[in-house]
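Down below is the structure, laid out as structure tokens.
The values are calculated or read from the model by the stated rules, or taken from the named source; none is laboratory data. Not measured: the values here are computed from a predicted model. With ideal geometry, Cβ positions are generated from the backbone for all residues, glycine too; neighbour counts draw on all protein chains shown.
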């Protein structure tokens, strides 16, 4: 191992290479530290036997470049990679919180916690699917917790790197992937799609909720694969009756044998699962204390806040209901039985920004004005669509100046008309000259004056 560690150190001269963190069928994971950045990392090395294949190294380099471009809170970031001769290395974020398998078999999860973890994984998978990357080996061992507590999806594309276009067979005759989580089309060697990862994620969710797998394993991998292709899974409600029916229905929908009858994408599965959780536990269940954080998944978590984003929910399932003290709270059915709310509660007062599907939306009340950054003197600006409070008050208490102006104008017009009636006849009176003309009259007047 010392020789191997030295080879890795030579290939990564900027890093200190530490001890083994884990080991699997496809390689080993070592601890490392970037000297200049003082950043702790995990260094994953593909086994030398696998890496000796030129085609494997070519696929590894192609996948590593895509993985390094992924940036999502629930995807482990890839910092660097090395591909040369028979050495294939991936340098990734170190996730010291352990695997989802470790957490589920030690402390375990409540049903809401299990669903929240699945939502985070769905968000990470969807980010990769949008870049054209399929995981192909979704399972609890490939979900790790960061120091912050966030869960992150790891080992994207390793099955493709190792197996190429072959689905099952490796040089050693081993199965590429994990039989307990493999989709039927993956077993058959058919065309893979995001629905393939959805099947594995639904299997993982089934296991987190019930503690068992949807197919009984007898220790024979090929027998288990046969069941995935030719037998229906055991209904989740049969093995875990305490799981809410809407949640169980969504999980079983994700386990449909035919990919065409399954959720087509991780985001549609996640959205439906969030809707089912909201129907079972009420709006805001994902924000409860102690719940795993789901980031970068606005569309997926929207139903938990009362938003109404369409999903591929199985036909016949009802929509979410607001919180009312748990499933035992008395409820009043909304229109068509959907959007149930606690008895005596006003649906318009339920938390969230939207009404559940099937419930008539309450008339929105204009929100109060709020301070706007940069407004002088702490001024406030009313929300769009509602009048500013100061302007509205001014409109109510402003004196009726227009009415007084009209009265004054009317009075002035009347006075002008009266003046015209009195003065116009005087202005146009015609005086007739006396007999003998004006001169004798003027002389007479002057004589009298003297």
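In region 117-132, the residue that is farthest from residue 195 (Cα to Cα) out of those that are part of a loop (DSSP other than H, G, I, E, B) and in contact (Cβ under 8 Å) with a residue 40 or more places away in the chain is 131.
The rows are residues; the columns are (1) at pLDDT below 85; (2) touching a strand residue (DSSP E or B) at 6+ places or on another chain (Cβ under 8 Å); (3) closer than 26 Å to residue 197 by Cβ; (4) not assigned by TED's automatic domain parsing to the domain that holds residue 201.
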| residue | (1), (2), (3), (4) |
| --- | --- |
| 267 | no, no, yes, no |
| 270 | no, no, yes, no |
| 291 | no, no, yes, no |
| 302 | no, no, yes, no |
| 315 | yes, no, yes, no |
| 335 | yes, no, no, yes |
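Residues checked against (1) in contact with a helix residue (DSSP H, G or I) (Cβ under 7 Å, 6 or more places away or on another chain); (2) farther than 13 Å from residue 80 by Cβ; (3) in contact (Cβ under 8 Å) with a residue 40 or more places away in the chain; (4) part of a strand (DSSP E or B):
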| position | (1), (2), (3), (4) |
| --- | --- |
| 9 | no, yes, no, no |
| 16 | no, yes, no, yes |
| 19 | no, yes, no, yes |
| 22 | no, yes, no, yes |
| 29 | no, yes, no, yes |
| 58 | no, yes, no, no |
| 61 | no, no, no, no |
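Can you confirm whether region 286-295 contains a residue that is closer than 20 Å to residue 126 by Cα and assigned to a helix (DSSP H, G or I)? Checking region 286-295: at least one residue is closer than 20 Å to residue 126 by Cα and assigned to a helix (DSSP H, G or I). Residues of region 182-193 that are surrounded by fewer than 24 Cβ atoms within 10 Å (Cβ to Cβ) and within 13 Å of residue 254 (Cα to Cα): 184 alone. For region 138-180, a residue qualifies if it is within 17 Å of residue 198 (Cβ to Cβ), at pLDDT 90 or above and surrounded by 19 or more Cβ atoms within 10 Å (Cβ to Cβ), and the qualifying residues are 138, 139, 140, 142, 143, 153. Reported count of residues in region 68-116, each being out of contact with any helix residue (DSSP H, G or I) (no Cβ under 7 Å at 6 or more places or on another chain), part of a helix (DSSP H, G or I) and within 30 Å of residue 251 (Cα to Cα), is 5. Please work out if residue 133 is over 30 Å from residue 244 (Cβ atoms), buried (at least 16 other Cβ atoms within 10 Å of the Cβ) and assigned by TED's automatic domain parsing to the domain that holds residue 300. Spelling it out, residue 133 is indeed over 30 Å from residue 244 (Cβ atoms), buried (at least 16 other Cβ atoms within 10 Å of the Cβ) and assigned by TED's automatic domain parsing to the domain that holds residue 300. Within region 235-252, being surrounded by 17 or more Cβ atoms within 10 Å (Cβ to Cβ), over 21 Å from the mean Cα position of the chain (by Cα) and under 17 Å from residue 278 (Cβ atoms) holds for 243, 244, 248, 249.
None of 225, 213, 201 is surrounded by 15 or more Cβ atoms within 10 Å (Cβ to Cβ), in a loop (DSSP other than H, G, I, E, B) and either touching a helix residue (DSSP H, G or I) at 6+ places or on another chain (Cβ under 6 Å) or touching a residue at least 40 places away in the same chain (Cβ under 8 Å) (or both) except 213. Among the candidates 31, 64, the residue that is in contact with a strand residue (DSSP E or B) (Cβ under 7 Å, 6 or more places away or on another chain) and surrounded by fewer than 19 Cβ atoms within 10 Å (Cβ to Cβ) is uniquely 31. Residues that are surrounded by fewer than 21 Cβ atoms within 10 Å (Cβ to Cβ) and under 25 Å from residue 23 (Cβ atoms) within region 67-82 comprise 68, 70, 77, 79, 80, 81, 82, listed in sequence order. If you go through region 39-61 and pick out every residue that is within 33 Å of the chain's Cα centre (by Cα) and surrounded by fewer than 17 Cβ atoms within 10 Å (Cβ to Cβ), you end up with 3.
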